[in-house]
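Asker: Please read through the structure below; I'll follow up with questions.
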Amino acid sequence: MSFYFNYLVILEGVLICGLFGWLSLRMRMVDRSGCLAGLLVGCSVFTFPKDGWKWFTVILVFHLVAAQFTRYKYEAKRKGGFAQEKGGARAWQNVFANGGVAAFLAIGEGLFFNNMFLAGFIGAVGTATADTSATEIVLLYPRNPRSIADLSKEVPPGTSGGVSPLGESATLLGSFIIGLAAWLLGVFTSPEWNFMGVMAIALISGLLGCTVDSVIGATAQGMFRCSICNKTTESKRHCGEPSIYISGCRAIDNNLVNFISTGIGALSAVLVYLLL
Ligand SMILES: [Zn+2]
């Protein structure tokens, strides 16, 4: 293991992450805990790998795409009762659920200098982007999605494990954007990594990661019913009151599902990298 710290890069990382953290806080994309978690993820990604600013830019693209999808028709989602709380501002659990695996892989690349970690990173960020895009856009789907565990069964919009053509398209779009960003930035320095190769990594891992997300969401994730508005929800609290347990495992919430699915996205990206 060879590893060195470049103090100038660390300084840059802290300043740039600090700036973006402050902006995200002001724009209410994150709350304070989410901002702190974002600083940890951002600084790891910026400082550990060589040319970490490129990796950081990929994370930034995720951040912007996710914020755009979350804000898109926020009012309509809020009226439907399934908008993100607090105007969509993300807390630390959400930041680590989406960015924890990516940060871990960036540190791995910095320690072991192996592009396998880079592939995994694109898989993790691609899955997080794809999943957020699909989750948010499906809330506006005019027809009910179907459960991935039983495609003949319609489920209410916003239900974990629900799939629809619009959601699948958004999944592909989210992975595509991350693959495109990685390719344009030239994160893979070796010449055999052309456009098709990077896209194969991003699209296959995003699709697999999101499918695992839906399967766990439809089967193992804890589901609750609100005692006030009677809506089925993934939250242990709804309308300010504790909600009633219906099914799944109470400990498995959306953030844990996202963490697992970004891990699976990363793993499948590494496999594609090794096979190509
Ligand atoms: Zn409620």
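The values are calculated or read from the model by the stated rules, or taken from the named source; none is laboratory data. Source: prediction; values computed, not measured. All Cβ positions, glycine included, derive from the backbone under ideal geometry; neighbour counts span all protein chains shown.
Asker: Given the residues GLY161, GLY110, GLY99, GLY88, which is the only one that is crowded, with 19+ Cβ neighbours inside 10 Å, modelled with pLDDT under 95 and over 16 Å from the mean Cα position of the chain (by Cα)?
Answerer: Every option except GLY110 fails the conditions.
Asker: Which condition from (1) touching a Phe, Trp or Tyr at 6+ places or on another chain (Cβ under 9 Å); (2) within 16 Å of the ligand (Cβ to nearest atom) is the one that ASN194 breaks?
Answerer: (2)
Asker: Return yes when THR47 is modelled with pLDDT under 95 and of a type in the set (Val, Ile, Thr) and no when it is not.
Answerer: Yes; evaluated as a whole, the condition is true for this residue.
Asker: In segment 239-254, how many residues are surrounded by 18 or more Cβ atoms within 10 Å (Cβ to Cβ) and under 23 Å from the mean Cα position of the chain (by Cα)?
Answerer: Counting residues in segment 239-254 that are surrounded by 18 or more Cβ atoms within 10 Å (Cβ to Cβ) and under 23 Å from the mean Cα position of the chain (by Cα) gives 4.
Table: residues versus (1) part of a strand (DSSP E or B); (2) closer than 25 Å to SER247 by Cβ; (3) within 16 Å of the ligand (Cβ to nearest atom).
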residue: ALA119; (1), (2), (3): no, no, no
residue: ASP131; (1), (2), (3): no, yes, no
residue: SER175; (1), (2), (3): no, no, no
residue: LEU180; (1), (2), (3): no, no, no
residue: TRP183; (1), (2), (3): no, no, no
residue: SER190; (1), (2), (3): no, no, no
residue: VAL198; (1), (2), (3): no, no, no
residue: ASP213; (1), (2), (3): no, yes, no
residue: ILE228; (1), (2), (3): no, yes, yes
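Asker: Quick check on ILE204: is it touching a helix residue (DSSP H, G or I) at 6+ places or on another chain (Cβ under 7 Å) and not in a loop (DSSP other than H, G, I, E, B)?
Answerer: In short, yes.
Asker: Restricting attention to segment 108-137, which residues are of a type in the set (A, V, I, L, M) and over 22 Å from GLY179 (Cα atoms)?
Answerer: Passing the criteria: only LEU111.
Asker: Residues being outside any helix (DSSP H, G or I) and over 26 Å from THR189 (Cα atoms): count how many of those fall in segment 15-51.
Answerer: Residues in segment 15-51 being outside any helix (DSSP H, G or I) and over 26 Å from THR189 (Cα atoms): 5 in total.
Asker: Anything in segment 39-76 that is among the polar types (S, T, N, Q) and more than 17 Å from GLU109 (Cβ to Cβ)? List them, or say none.
Answerer: Scanning segment 39-76 gives GLN68, THR70.
Asker: Another question, if that's okay. So, in segment 237-253, how many residues would count as being of a type in the set (S, T, N, Q) and within 16 Å of the ligand (Cβ to nearest atom)?
Answerer: 1
Asker: Restricted to segment 255-276, and to residues that are of a type outside the set (A, V, I, L, M, F, W, C) and surrounded by fewer than 22 Cβ atoms within 10 Å (Cβ to Cβ), which residue is farthest from the ligand (Cβ to nearest atom)?
Answerer: Selected residue: GLY263.
Asker: Now, a different point. Considering only residues of segment 216-226 that are in contact (Cβ under 8 Å) with a residue 40 or more places away in the chain and either surrounded by 19 or more Cβ atoms within 10 Å (Cβ to Cβ) or within 16 Å of the ligand (Cβ to nearest atom) (or both), which is nearest to CYS249 (Cα to Cα)?
Answerer: That would be GLN221.
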